[in-house]
Amino acid sequence: MSKVRIGMIGTGGIARNRHMPCFSKHSDVAIVAAADLSAETLKQAGEQFNIPALYSDYKEMIAKEQLDGVVVCTPNKFHAPATIDALNAGIHVLCEKPMALDPAEGRAMIAAAKQNNKILTIGFHYRHRPQVKAAKKIIDVGELGHVYMVRVNALRRRGIPSWGSFVHKHMQGGGAMIDFGVHTLDSALYLMGNPKPTEVTASISQHLGTKPNVNPWGQWNYQEFTVEDQVAAFIRFENGASMLLECSWALNVPESKETISLSGTTAGLDVFPLKVNKAQYDMLTSWSPDWMPDDGIEPGIGQAADFVQAIQTGISPNATAEQALQVTDIVDAIYRSAEAGRAITL
Ligand SMILES: NC(=O)c1ccc[n+]([C@@H]2O[C@H](COP(=O)([O-])OP(=O)(O)OC[C@H]3O[C@@H](n4cnc5c(N)ncnc54)[C@H](O)[C@@H]3O)[C@@H](O)[C@H]2O)c1
């Protein structure tokens, strides 16, 4: 079987630290081309991963390289245009998270995938973490009953990205929530079975990002910080479930933590670390796994394999574009609710 020909659009941090190493390890894949606006970044990536064709313009790359798939790793502003251009050229797309700046862009991406009958999946690699995979198995057999309360924490005490364009709203669409909170929000929705959200109430702030501050990830440009550094939200769903969500890049809390806690009618489950709690035998009990498959394996390996399998077999990728759009719809409603100071009906 001939190799799946992959091209990279954007060769910065996430491309070089996750996608290129993971796709390179896949026996059915050849990374045959890459494009980046930065000649220096492109050259480094090309040398590091032995990529034969390098382009300053991704449009030229997709026109010339007979690609099967591209991985879009640009700042968020270019996710929709690069994805739509690739889909219209007949190329399958794995686009980094978040799907898009806003729901209108996300819908246009889905329309392009449908029109061209091509795969579109989004880089929610947490779904390939062992705890999320195990939680999904436990929930799908009905262990929790009806899941009606979910708590999501994506809290960094200090962890503002200081590279690239992460603190610029016009490039990224937002800050902590659209960048970091989307992972745990997506995993929580996935574990709940993606019920339809109906109402979102939220507040956001930018008290720490707009001033110089200690930050283990380096000093960002605080004078140009135009996004939120903290979010609190309450989300209602059509099936009667509710979600309490907290997210920060910087917040005066004692420690950073990422948790998803699902409470159902017959049991509860915490995802990080995995723990099931339940009333049984007239006792309150809890259990945790002693061993899980894929523990310690970079989740980008599973993500790359999932995209390649979808290309080769037509089997739906794990993170569908429709599910990713649900995340974008909620993030957009969070920002609109915070701005309007009231609940937003979806
Ligand atoms: N899944 C994750 O956990 C995760 C982690 C980090 C970043 N990301 C996502 O990956 C994307 C990139 O983040 P990063 O940390 O790699 O940023 P980065 O700044 O390190 O890299 C982005 C690269 O894109 C290039 N670029 C910009 N516009 C371009 C264009 N029009 N065509 C081609 N190249 C272009 C830049 O020159 C840069 O090299 C973002 O959307 C971010 O949200 C995801």
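Observations, loosely collected:
- Members of the range 169-191 that are open to solvent by 30 Å² or more (accessible area, probe 1.4 Å) and within 11 Å of the ligand (Cβ to nearest atom): MET171
- Across the range 26-51, the qualifying residues are those that are outside any strand (DSSP E or B) and under 21 Å from LYS97 (Cβ atoms), and the one among them that is least open to solvent (accessible area, probe 1.4 Å) is ALA45.
- Looking only at residues in the range 32-41 that are touching a strand residue (DSSP E or B) at 6+ places or on another chain (Cβ under 8 Å) and more than 17 Å from PHE78 (Cα to Cα), the one that is nearest to the ligand (Cβ to nearest atom) is ALA33.
- Counting only residues that are more than 11 Å from the ligand (Cβ to nearest atom) and either out of contact with any helix residue (DSSP H, G or I) (no Cβ under 9 Å at 6 or more places or on another chain) or in contact (Cβ under 8 Å) with a residue 40 or more places away in the chain (or both), the range 9-29 holds 8 of them.
- Hey, GLU228 open to solvent by 50 Å² or more (accessible area, probe 1.4 Å) and not polar (S, T, N, Q) or not: no
- Long-range neighbours under 7 Å by Cβ, at least six apart or interchain, first residue more than 16 Å from GLU258 (Cβ to Cβ) and among the polar types (S, T, N, Q) within the range 120-145, second away from the ligand (no atom under 15 Å from the Cβ) and part of a helix (DSSP H, G or I): THR121/ALA310; THR121/ALA321
- Within the range 236-264, restricting attention to residues that are farther than 27 Å from ASP290 by Cβ and hydroxyl-bearing (Ser, Thr, Tyr), the residue that is most open to solvent (accessible area, probe 1.4 Å) is SER242.
- Just one of the listed residues (ILE51, ILE84) is more than 11 Å from the ligand (Cβ to nearest atom) and out of contact with any strand residue (DSSP E or B) (no Cβ under 8 Å at 6 or more places or on another chain), namely ILE84.
- 3 or more residues within 20 Å of the chain's Cα centre (by Cα) and not β-branched (Val, Ile, Thr): qualifying strands (runs of 3 or more DSSP E) within the range 231-298: 242-248, 257-264
- Of the residues contained in the range 192-204, one or more are found to be surrounded by fewer than 24 Cβ atoms within 10 Å (Cβ to Cβ) and part of a helix (DSSP H, G or I).
- Flag for GLN280 being assigned by TED's automatic domain parsing to the domain that holds ASP28 and without any contact (Cβ under 8 Å) to a residue 24 or more places away in the chain: no
- Filtered by the rule that a residue be among the hydrophobic types (A, V, I, L, M, F, W, C), within 14 Å of the ligand (Cβ to nearest atom) and within 23 Å of ALA319 (Cα to Cα), the range 124-168 gives PHE124, VAL132, ALA154.
- Annotation: THR74 fulfils all but one of (1) touching a Lys or Arg at 6+ places or on another chain (Cβ under 8 Å); (2) near the ligand (Cβ under 9 Å from one of its atoms); the unmet one is (1).
- The range 302-323, residues that are hydroxyl-bearing (Ser, Thr, Tyr) and over 21 Å from ASN194 (Cα atoms): THR313
The values are calculated or read from the model by the stated rules, or taken from the named source; none is laboratory data. Just so it is clear, the structure is predicted and the values come from calculations on it, not from any experiment. Using ideal geometry, Cβ is built from the backbone for each residue, glycine included, and neighbour counts are taken over all protein chains shown. Calculation scope for accessible area: heavy atoms of the full protein, side chains included, ligands and nucleic acids excluded. Shrake-Rupley method; radii C 1.70, N 1.55, O 1.52, S 1.80 Å.
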